[in-house]
Each structure stands twice: as C-alpha cells, then as structure tokens.
1. Please determine whether any residue of the stretch C:40-50 is among the small types (Gly, Ala, Ser) and in a helix (DSSP H, G or I).
2. Return the residues of the stretch B:105-140 that are touching a Ser or Thr at 6+ places or on another chain (Cβ under 9 Å), among the aliphatic types (A, V, I, L, M) and surrounded by 20 or more Cβ atoms within 10 Å (Cβ to Cβ); say none if nothing qualifies.
3. So which of B:ASP75, B:ASP15, B:ASP28, B:ASP47 is farther than 22 Å from B:GLY119 by Cβ and free of Cβ contacts under 8 Å to residues at least 12 places away in the same chain?
4. Cβ-Cβ under 9 Å, sequence separation 6+ or interchain: first residue in the stretch D:34-54 and farther than 14 Å from E:VAL127 by Cα, partner of a type in the set (Lys, Arg) and at pLDDT below 85. Which pairs?
5. Please determine, by comparing only the residues of the stretch E:198-227 that are of a type in the set (A, V, I, L, M, F, W, C) and assigned to a loop (DSSP other than H, G, I, E, B), which one is farthest from the chain's Cα centre (by Cα).
6. When the stretch E:198-215 is examined, which residues are found to be farther than 21 Å from E:THR323 by Cβ, more than 11 Å from chain B (Cβ to nearest Cβ) and not hydrophobic (A, V, I, L, M, F, W, C)?
7. Does the stretch E:140-172 hold any residues that are in a loop (DSSP other than H, G, I, E, B) and within 10 Å of chain D (Cβ to nearest Cβ), and which are they?
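The values are calculated or read from the model by the stated rules, or taken from the named source; none is laboratory data. Just so you know, these numbers come straight off a predicted model, no measurement behind them. No Cβ is skipped: glycine too gets one built from the backbone with ideal geometry, and neighbour counts run over all protein chains shown.
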Amino acid sequence: MARKFGIAAMAMELMESLLVRKPATVMYPVERLTPPERFRGKMVYDPSDCSLCGLCQRDCPADVIKVVRKRIEREDGTKETVGHVEFEMDRCIFCGQCAYSCHQGSITFSTEFELAQADRKDFMMREEPEQVNDEECDLDEDVVP
Amino acid sequence: MTAPELVEYIQSHYDGELTEAEAPLAHDCWVGVPREDVQKMAQFIVDEWGPVHLSTITGNDRGGHIDVIYHFVADGVSLNLRVGVDKAIDEIDTITPVVPAAIMYEREITDMFGVIIVGHPDPRRLVLPEDWPEGDYPLRKDDTGDEEGEENNG
Amino acid sequence: MQVLTPLFHVFVFPGFLFLVAFGLFASWVDRKLIAKMQNRVGPPITQPFADLIKLLAKEDIIPEHANRAMFAVAPLIAFAGVIASAIYVPMWSFTAVNSFAGDLIVVIYLLTLPAFALFLGGWYSTNPFATIGATRVLSQLFGYEVPFFLACLGPAVAANSWSITDITFAQSDGTWLIVAAPLSFAVAMIALIGKLERVPFDIPQAKTEIVTGPEVEYTGRRLAVWKLTFMTETIVGSALIAALFLGGPHFWGIPFDAMAPWLAGVVGMIVLAVKILLIVFFLSLTQAALARIRIEQMVQWCLVWLGIPALLNLGIIIFTTSQAGV
Amino acid sequence: MLNGLVKWARGKSPWVCHLNCGSCNGCDIEIIAALMPRFDLERLGVLLEGTPRHADVLMATGPVTRQIRDRVVRVYDQVPDPKFVVAVGTCGVSGAPFYPGYNVLGGVDAAIPVDMYVPGCPARPDAIAYGVLRLLATLDPDAQALVEEIEANHDTEGLIYTPEQMAAQREGTEATLGESPARNNDAAEA
Amino acid sequence: MAKLSFPIGPQHPALKEPENLRFSVDGELVVDADIRIGYVHRSIERSCSERNFVQDVYLCERVCGICSNAHTQAFCLAVEQIAEFEIPERAQWIRMLMHEFERIHSHLLWLGVAGHEVGFESLFMYVWRDREVIQDILEMVSGNRGHYAMTILGGVRYDITDEMATKIREGVDFLRGRAEYYADIATSEQTFLDRVEGVGGLSTELAHELGACGPVQRASNVAYDVRRAFPYLQYEKVDFPIRTSELCDVLGRTLVRVQEVIDACDIITQCLDMMPEGDINARFPRRVPEGEATVRVEAQRGELIYYVRSNGTDVPERVKIRTPTLANLPASLEMLIGGQIADIPIAFASIDPCFSCTDRMVVLDDVNSGDTETMTWPELVKLSRNR
C-alpha cells in the first residue's frame, strides 16, 4: 500500500510549491544573471601589444583568426612589420585556447554572452594594430605556452 | 592475468606466426598476426578466454599498408590484435562467424578504407550517406578521389 | 422580437462569447496553477487570448490527399456540440435557458461529440500518427464514457428527474447531491479528466509518443477551433458536474428568493464560476502530480475503478429512494 | 487595428519547434533548459511544440550534415507561414569546427533561410532568450524596449586573462594562469 | 488492425536528436524495430587527423554535448600515455572532479527526460531545476555550461580555489538530498511506476551477449565498471560501490542512475578532501613522439574507448572513437520488440541514447521501404543469440 500513497508525496510537494515557495525563475529580460568571472563570452582583442605572431591562428580549432603580416621597407630604410588580424566571430566556439596561447595577452574574453545578430556579417571583426611591437617570437617553438 | 603473462601465454600456446607481441603497460598488450590467419587467431582467443568482448576495429592508413586493429577485452586485459593489409591486395577475411559483433565494425572498415572483407554476410555501406560517390574512401591518406569529396562541400 | 432573446442566449450569455471568454480564463488559470506548482512563473493572463489570435492568423494547410470535407468540418462539429450543450446547463440561476424532461441525456451525448469529431479529424488526416491517435481516442472513449454516464445517473435518480434544472432545483434547499452520491462524484471527476484528455488520460494527445495525435495535421484556424473546443468543454463539463453534484448556483448563506431576479442570477453565476474554478484546480493538480498511463492500463483501470463504484453508488441511491418511498 | 492586434498576438505567443540538424545536443539541452523553472520562457509565451505544423519559430541547432539536409528542408516547408528560423549555437550559425568536413554542409543557412543567429557553444539559455527577444522585437514594441535596455548596459569590464596576469605568467612569476582574474584585478588596482 | 509500419522520423519530440526508428506494429504491439541514424555524422575522425593535438582536444570535446568531458579525458589520457607524460597529481584530482560533475549533470538530465517521455512533467521540471545547481558549479569552475575546455593536454586549465570548494560542497550536499528524494519518488509514484516497471526488459545474458555497457548493463545485474576494471587517474584511492540492480528494466536503470548520482556526490567530497596542493598543469610538448594507445574511460552512458596513433609530428595520424551508445543500440532494439507503442520513447530513452556520439562513427542500416531480405539489425541480433 505504501506505493499507492506515492502520489500524495508528489502532491504535497506541488501544493507546497504552489502556496509557499517563491518561483525559482530569473525573470530574464528584467533580472539578468551575471555569469561567473571565469565565463568565456565575447572575445576582446586589443591590438596595442600584439606582435602578429600568429600563435593564436595556429591553435584555434575553428580557424576563426586570420593574421596577415608583412615586413615593409620605410623610405628612411627602417624595416617595420605591418598587417592586420581578421576574426570570423561566427565560427568562434569560445574555447579560450587563443587567449591561453597568446604571449602578449592581447586576446581576452569578456563575460558578455548576449551576442545574437540578425545577419552573419555583423560577426566579422577586422583589427589593425597601428605599430606592431617587433619583439619577434619564433612561430615554431616547441612548447605549448 | 596481467598483460605480460597473457603475451607469454599466446607466444607459447599459439602455433601460428606472430609478427608482434609485446605488453607496454600492465593492462595493455599488442599482438600482431599476418593477414591470412586472422580468423585462426580470433578462434584461438575465443577458445582460450570464452565469449570475448570485441570493443571495436580500427583502421589506419600507414602509407604502404593499412593497419586493421581488433580491440579485444580478454580476461580483464585489453588485447589489441594488429593485422597489416597491403594496399595492393586490399582484402581480409571476416571474423564474424567467431565474433558476431565484428559485423558492424568490419563494414565501417570497408566504408572508410576500402578494404574488402571476404565472406562478410552484409557488405553494405555503413557510415556514409547513400549518395556518397563510389570509390571515395575518406579516411585514406592517398588520392582515391579525396579532392572531389572535399570540394563538393567546400 | 421574439427571436432576439434566444439569439442572445446562443451567442452571448451561456453561449459563444461567455464560454469562449470563460474558457480562455480557465485555460490561463490552469496553466498558471500548473506553472506555480512546478515552481515557475507561468504565462501572463493575456496568453491564451494571444495564442488564439495568432493561430487564427496563421496559414491554414489541408493535407492534399486527406478527405478535405471531413478534415475541415470535424473541428466545427466538435465546437458546435459543446456550445449547444451549454444551453441546458443552468449557468444563470437555478434554471437553464431551456430545459425539458431528458436534457441530461442530451448534454452527455453532446459532450461526447468532440471525442468522435477528434477521431474523424484524425482518421481523415492520413498521417500515421493521427491514425494511431484516432484509434486511441475511441478505445479511451470506452474507458471513461460508460462510468461517466452511470455517475450522472446517480443524482438523476436521487432527484427523481431527468432534467438538470430540476436536479439543481432539488438541491436548492441545501442538500447537495454530493452527500447522497459521493462515489459518483469522484467517478464523474476522474471521467472528466478522460473526456478532456488531460494528463493521466491524455494518451491520444501523447506529446512524446505520437506527437499530439489526431491534431497533428491541423494548423491555423482549425487548430484554433480544436483548442477552443477543449477549453469550452472544460467549462461546460465542470458546470455540469457542479450543477449535478454541488448544487449549481446554490450556496447556504445567500437568500436567493429575497433578492431581485437579476441579482440572484448574477450571484448564482459567481458561485457557479467559483465551483468551476475549484474543479479546474483539481484538474490541474492531477495533471501536475501524475504521469500518463498506457491505453490498455487506462481502459482496464477505468472499468474496474470507475465502473464498479458508479454502479455501487447507483444501487445504493435506488435502494434508499425506493425504501423511503419518495 | 486588426493587423495591429495580429502583430501583437504573434509577438506574444511564439510557439517553438526544436529541429536538430546534426548538433552535438549541447544547444538542444540549453533550448529546453530555457523552458525550465529557472529561465521559464513560458512567461514570454514560448511553448515547445512537437510538430513543425503547430510551430512559428523553428529553433535549428547543429551543422547541417549531408544526410539530414533534405529532411531539414522538408520540415521547414511543413511550418505554416509566418515562420521564423533561429540558428542556435556556433555550429548552427556557421558549422564552426566541423565545417570543412566531408559530410558537413555548413551552418543552418546552408539548408534553410535563417532570421536570427545565436552564437555560443553551447549558447546559454538566456542568450537563446535574448535571441528570441530580438527576433520578436520586430513584432512587438515592449520586446523592442527590452532589447534596447539590454544593449545599453552590456558589461564588458569583466575580463579574463588580464594583461597584467599574462605579463606575470610570461616571466613565470607566482601568478599561475589558474588564479581567478577577479582577484588579480583587485591586486592590479590595489 | 493491418500491420502498420510507421517511422518515428528524424524530427520527433521524444527524440532530442535525429534518428529514424522504423517500427512495424500490429495494433499497439511492436513487432519489429529498426534504426537508421547517421544524420549527425560530422566526420570528426577525419578532421582530427587534419588538426594538431591542441585543437583536437576541443574537437573531441564537441563529439557530444552531454559527455563532452569524458571525451576530452579519454583523448588527453591517450595522448599523455603515448608521450609517457605524467601530469601533476592535483590536476588528476581536478580532472576526476570534472568527470563526476558531468556524471551528475548527465544523469539528472536523463532522469528529467525520462519523466518527460512518460508524461510526468513535474518530475522533468523539478529535476532540471535542481540540475541548474550543478550547471552553476560547472560554470563557476570551468567558465562554460557545456563544453568546459577544462581538461587540456598536460593537466587542467583552471584551479579550484578554496571558496569554490566550499560552494561545491554546499551544492553537492543539496544535490545528494534531492537525489535521494527522487529515488523514492521514482519508486513510490504509482503512475510513474506503471510506465516504468517491467518495461524494456533486458535479461542478464542478453545484456552480456549484446555487449551493452554502462548503467544499461549494470541494471541487468552485470557488475562491470571501467573505473574499477581499468582504473585511470586516481580512481583506486577513491572508494565507491558498483551499483547494480537485478530488475533488468527501465526502473532498474532509473535507480542505478540515481544511485550513481549519490555516489558521484560522495566521490566529489572525497576528491575535495584528498586533493593535494601543487601546480595544475605542466608544459606539454607540442610534438608527440611516435606511438599508439587505447584508453577506456567510464563515460556516463558506458565504456568509451579512444585509440590514438601519432607519428612524431604535432598532428595525430589516427583518432578512433567508439562511443557507449553504439554498444547499447542492439540492446535497445531488443527492448523495443514486444513492447507497446506507448513504451517506445521510454524504453528507447532508457539507454540514454546520445546519437551525436554514435553517429560520429557508425550508421545502422535499415531495411528500406521495400522489404528486401538483406540482413537487418534484428536478424543480426538473432544470429548472435543462437550462435
């Protein structure tokens, strides 16, 4: 007979939830959950000390990053590397490997997760560091940073 | 029974030729057998340790030949049976009469590597969709129409 | 002028508009209660109305090799049946709009019309899920229909009349028939769950097995009519049970005869509305607390646990009334 | 006035049908988690419907594989007008890590037209809710107001791997990568 | 009624994932069942051998959304076994923590879906409401609700700080209480019992013969758990029972899974107590020396096997993944035959199918509409039974 009264246990839980308990709901648009500080949301790239070394491009599993780097000869003979970085953010799987591999710490992840867009072109990002710090880092070093 | 004991047991009791037999870890051992007597070896394993659990069959394109590795669990030890199939011959006979679960994994080998399984009761395409072009084996490293498999979804 | 009041009765008060409005409200109450019981917030009060308008404005698809006529007309039959049955149930005060000696039988028949129409709609929409759903509607019908009829017989015999108005009138002196027929009341309530295809018996509309059963091919306006049918059927079914067992608009403290007729009507309607919402609360509680059982379990369980108590109670009533020589 | 009412009704009751075009079911769980007590999209009128016939919004997840492509198109045709498609998860948006594979045709837009892209791997339930809100914003004004209010205060200051932390990590000093950056932030400011 | 063959097509509310179950039905009785999947085959094996090891970790993680951590564990263990690389002990303990977190999250998810299949919406809602607790812990620790990217080659990416440990302990105690509550709800709620007891039966010999694994096998009274048979990480130091039940039906599987949630809670508290201090990841060489390894891991659904072979470069030569759902499929078809239509979703869901895992590798062909006499899956099952 004990099994017959199982329904009563569930009914009591339901009544308690109906009368006493506050709904466990986050009223999304009004109350917004702040994600924990380790949450990997939107990628933030600050080109200030990026050396266009391409470590991030090599380690990105979804081929999001495209680094273009050229060494050009200024008129006054000084050599300088110049280039740009393209991010196809609609391919990004938010794994954080680029931030982990980057030596200059120029790629970081913010905790912003509301990223819905109406068309895919809004996801593309193109950044151009004005002066590339020339501290050469060799591409094929042996150790995962 | 640990892996080294199992390997010695096979070396002593198995009368066929062993191309490879070593136990790198306590619970993991690798045994190699030539292409012809894969069925003999499978029969030997089943006779010795009863209805053995075949986890899966892995195919691996090693350039000159294709490695077909049978992963068994025999007596608490992970026994991997490696059979080299030369690309020219491209055939291996089936072990389904001995281990029925192999039927599914063998079909996957034919699908992905083009190794024809002789005597297979149900040699249909297993992994790829119906409209997949014939003769194109995706997991093979050499040509066999890889590009065209690539570009039609490029 | 003679034609105006019946039209008013059919279209406005106990008819179309009142039922639809009260049906939407009851459906909101139901969804809100279930949501609250499941510890969440639940939809706003305008939700059923918004769903209805959206469905009415959606594209209406009829599968091409389905039988167009039957597929299109099935929901209308169901809805018409429910609206028609509202005429005989006393909503205003103790008397229904129109009553005659056997209107209890007519109402019970009209309330089974949606089940048959659902079967026809499902059968003619040539979708395998709908076919299986349709057969399930019929097999479930045997489970709850006979006990429901026997349960309704109880109060009829107790009040010695076949008209719902007389039955409610007999209870207006305070002796609710639930006292005389408690088992029948329980059987009627559980059979109502089957009639409205709610969770323990929502086998034809099993969402996870056969994808909402017979309604699978319906979209747009016809789906709106189906949803409306089941909402209004909740109201009429609960009103019927309230009228038969809980004394309809009667409540002890209220001096009905002292009041002006229109005031008595309004107060009666409010009391009946409260009783209907109580029954809806019972339906929501069972929906939240129970899981869906299989079709053969349902039919078996119903015949045993619904049929026998209904018969038993009917026997007791017949015995007591004949004994008392009323 | 009538189509004002209809527009309001469409905005208020988006019935959702979930379609898996080859997803790893991480995003599918998050779609259903959005309907659970914690996020409870039913208060915005969202109902999960079994058949595409009853749905307005088609939540498509996963890269479209070669085999499911024609079934996805068939399901899309079954949805009665006016219909919307929301591509959920990075696989749905662009077919991400799997896309140049021999059996994957790309994101959901390789098979059916998509109205709203919700990236994320898996996309958080509230990110999906935000996607639905933006989709509804075109239909009803208060969804529009909510979206603008969210746009206004995007918080981007919670950075991970702050530059100071990376600098310390490069010299191999004590701040290993594992330390939670928040503490590093205060350390940096202090 | 005429014998009706009806497909539960790729798009169906009961199936969270696309697979095509074709049933021939006599009235409500299921006479024959067949399965066709492969709609989720994303050519992961091929992509794995085109990307370097660092990228492959994230690719293997995305084989399945629910058991993503099990896949990364297996892949990292295989690659570390090839390179004979010893990861720091604290990292091993953190990996075990993530493994058990995900077990709780997956089993609670399954319990909710089982309630949904049977029409018991409240259980679905309550279980998933409690599941948010473990999701918050996972998000706090690893930074994402789904694919955690916590396990990387050479150790673990983030550390468990002290205030996180206290939060984890609170959450786990709460979950332990709720798991016990659900255990007795599942055994006492009468309508749930009607739908779950005696449904989808799988006898012990059949479970053994068809090679079922994980909770499906353990619910048919076969005590086999990879964490005990081939112990990896630090599972020798942690004591937990192998939960079996001799009910051999869906109720048995429910109980085994709920009890495993309780065990996982205990393992987590033990891990937190025994976790030594120390750094959490060592620098893993980018090029892996030549070699191969087969690694078995106890994923939530059963035994997950990874075979990795490397040829000295930083790109693996071959990655082979055999997922537990594939092993449970023949058993699931065996459960469906002879049951009712109403039992199909709950019996099929009782093996907790994860087709994004299975499809990654294998499609079980079905009899196309014409009833050709080629070997269908049930015939194969008969073949293996009367061998």
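1. So in the stretch C:40-50, the residues among the small types (Gly, Ala, Ser) come out as C:42, C:50.
Next, only the ones that are in a helix (DSSP H, G or I) stay: C:50.
Yes, the stretch C:40-50 contains at least one residue that is among the small types (Gly, Ala, Ser) and in a helix (DSSP H, G or I).
2. If the condition is that a residue be touching a Ser or Thr at 6+ places or on another chain (Cβ under 9 Å), among the aliphatic types (A, V, I, L, M) and surrounded by 20 or more Cβ atoms within 10 Å (Cβ to Cβ), then B:ILE109, B:ILE117, B:LEU126, B:LEU139 are the ones that fit.
3. Only one candidate qualifies: B:ASP15.
4. Qualifying pairs under 9 Å: D:LEU48/C:LYS207; D:GLU49/C:LYS207; D:GLY50/C:LYS207.
5. E:VAL199
6. If the condition is that a residue be farther than 21 Å from E:THR323 by Cβ, more than 11 Å from chain B (Cβ to nearest Cβ) and not hydrophobic (A, V, I, L, M, F, W, C), then E:GLY198, E:GLY201, E:SER203, E:THR204 are the ones that fit.
7. Once the filter is applied, which keeps residues that are in a loop (DSSP other than H, G, I, E, B) and within 10 Å of chain D (Cβ to nearest Cβ), the stretch E:140-172 yields E:GLY143, E:ASN144, E:ARG145, E:GLY146, E:HIS147, E:ALA149, E:ARG157, E:TYR158, E:ASP159, E:ILE160, E:THR161.
Yes/no per residue for (1) more than 7 Å from chain A (Cβ to nearest Cβ); (2) within 30 Å of E:LEU138 (Cβ to Cβ); (3) touching a His at 6+ places or on another chain (Cβ under 7 Å); (4) of a type outside the set (Lys, Arg):
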| residue | (1), (2), (3), (4) |
| --- | --- |
| D:VAL108 | yes, yes, no, yes |
| D:ILE112 | yes, no, no, yes |
| D:GLY120 | no, yes, no, yes |
| D:ASP126 | no, yes, no, yes |
| D:ALA129 | no, yes, no, yes |
| D:LEU133 | no, yes, no, yes |
| D:GLN144 | yes, no, no, yes |
| D:GLU148 | yes, no, no, yes |
